[in-house]
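The values are calculated or read from the model by the stated rules, or taken from the named source; none is laboratory data. A quick note: this is a predicted structure, and the numbers were derived from the prediction, not measured. Heads up, the Cβs are rebuilt from the backbone with ideal geometry, glycines too, and the neighbour counts pull from every protein chain shown. With ligands, DNA and RNA removed, areas are computed over all heavy atoms of the protein, side chains included. Shrake-Rupley method; radii C 1.70, N 1.55, O 1.52, S 1.80 Å.
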Amino acid sequence: YQLTDALTFTAGGRYYDFEEVRTITTGGLFASRNTGRVDRTASDGFTPRFLLSYEASPDVTINAQASQGFRLGGVNDPLNIPLCNAQDLALFGGFQDFGDETLWNYELGVKTQGRGFTFNAAAFYNDISNLQVTLDAGSCSSRIVFNVPEAYAAGVELEVGVSPADGLAFNLSGSYVQSEFE
């Protein structure tokens with residue numbers, strides 16, 4: 001929606017409806033001999049996105065964005081129980097399924113261009129719920145996914161470009177990111 005000649009508001013979203021059914025059959029020397037085990041994962045919802053864009057001049061645009069993201073949960077493969085020691089089996093045996101991961105992303109950025117140069121910068125903050133993390137399950141020789149209840153990532157990104165002559169361009173970009181499990 002064009003609010004003014006220089007200010008634009010955009011809203012959108014994505015509906016998702018995921019279902020996964022799988023049958024697991026394992027074998028081999030160290031496998032747990034799971035045959036015909038059926039696992040199911042399902043989730044549905046809506047993820048919105050909002051964008052406000054201000055054209056300060058023909059060469060400078062400022063953007064602010066808020067958007068939600070989603071990653072489907074699932075079911076871990078069975079542990080290789082014959083390889084697990086008692087401590088690892090007690091610790092990792094309960095991680096059969098993991099939940100959906102969601103996040104809210106907030107971003108503020110600027111894009112500029114002029115005769116022979118560009119400068120772009122953005123700052124962002126991601127508030128993550130149920131972050132999916134992969135872990136080696138100790139002596140079990142398995143990998144499992146589990147959820148970390150709260151996490152975040154925040155940072156800045158910069159890009160500078162200079163073109164002193166036709167066909168010659170120098171670009172420098174970098175970022176700083178800080179993230180943490182809470």
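A few remarks follow.
- Integer Hz, Karplus 6.51/-1.76/1.60 couplings in order for region 154-170, x for Gly and Pro: 9, x, 9, 10, 10, 9, 10, x, 10, 10, x, 8, 4, x, 10, 9, 10
- Per residue, the accessible area of the chain comes to 64 Å², computed with a 1.4 Å probe over protein heavy atoms only.
- Sequence ranges 131-144, 40-53, ranked by mean other-Cβ count within 10 angstrom, highest first: 131-144, 40-53
- Taking the accessible area of region 8-80, probe 1.4 Å, and keeping the other protein chains in place, the carbon and sulfur fraction comes to 51%.
- Computed from point charges on the beta carbon alone (+1 for Lys and Arg, -1 for Asp and Glu), the dipole magnitude for the chain about its Cα centre is near 400 Debye.
- Environment charge at G174 (Cβ cut-off 11 Å; Lys +1, Arg +1, Asp -1, Glu -1): -2
- Gained length - S57 relative to L172, 0.36 nm times residue gap less alpha-carbon distance: 39.0 nm
- Whole-angstrom gap from region 1-72 to region 151-174, using each part's C-alpha centre: 27 Å
- Efficiency of FRET from Cβ geometry, A86 and Y106, R₀ 45 Å, rounded to 0.05: 0.50
- Length gained when the stretch E180-R40 is fully extended (0.36 nm per residue, less Cα-Cα span): 47.3 nm
- Helix-only [θ]222 nm of the chain, DSSP H runs n ≥ 4, -39500 (n - 2.57) each, per residue, nearest 500: -1000 deg cm²/dmol
- Most mobile of N80, N105, N130 in a GNM of the chain (Cα contacts under 10 Å): N80
- Length gained when the stretch F119-D136 is fully extended (0.36 nm per residue, less Cα-Cα span): 1.9 nm
- Around the amide H of G93, modelled in the peptide plane, lies no amide H under 5 Å away from a residue 5 or more places distant or on another chain.
- Using only the C-alpha atoms, the convex hull of the chain corresponds to 177 Å³ per residue.
- Near A137, once Lys and Arg are set to +1 and Asp and Glu to -1 for all other residues with Cβ below 11 Å from its Cβ, the sum equals -2.
- Of all the options D127, D100, D166, the one that moves most in a Gaussian network model of the chain with Cα springs shorter than 10 angstrom is D166.
- Each Lys or Arg adds one and each Asp or Glu subtracts one; over the other residues with Cβ under 14 Å from the Cβ of F95, this totals -4.
- Averaging the sequence gap over all C-alpha pairs within less than 8 Å and six or more residues apart, then dividing by the number of residues, gives the chain a relative contact order of 16 percent.
- Those residues of region 35-56 whose amide nitrogen sits under 16 Å from the label point placed on T4, 7 Å along Cα→Cβ: 52-56
- In sequence order, region 18-29 has phi-based couplings of 9, 9, 9, 10, 9, 10, 9, 10, 10, x, x, 4 Hz under the Karplus curve 6.51 cos²θ - 1.76 cosθ + 1.60, θ = phi - 60°, and Gly or Pro positions carry x.
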